[in-house]
Amino acid sequence: MKKSNYLIWIGIAAAAGGAIGLLSERRNTAKGGLLGATAGIVAGAVAAGVYEYVSSKEKFPYYSEVSPLYEEI
């Protein structure tokens, strides 16, 4: 995965977490926003890591012999 895509994922998650944190704790918005942004960064990093792990698994071509879709003619 490109570094820019990774940063975009984390940025979106941090923004969403910060917004939810601001809305959830209206009396102390700075604390809620920081906690929400921190949780968003962690969630975004985990999501990007899981996506990278799943997409990096060894893939085999469609017409290879190890493919379950391969048919002998």
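Structural remarks
- Residue that is surrounded by the most Cβ atoms within 10 Å (Cβ to Cβ), among those in region 12-39 that are without any contact (Cβ under 8 Å) to a residue 12 or more places away in the chain and outside any loop (DSSP other than H, G, I, E, B): 32
- Residues of region 17-34 classified as of a type in the set (Val, Ile, Thr) and more than 23 Å from residue 45 (Cβ to Cβ), total: 1
Bear in mind that the values in this text are calculations on the coordinates, not laboratory data. As the structure is a prediction and not an experimental result, all values here were calculated from the model. Using ideal geometry, Cβ is built from the backbone for each residue, glycine included, and neighbour counts are taken over all protein chains shown.
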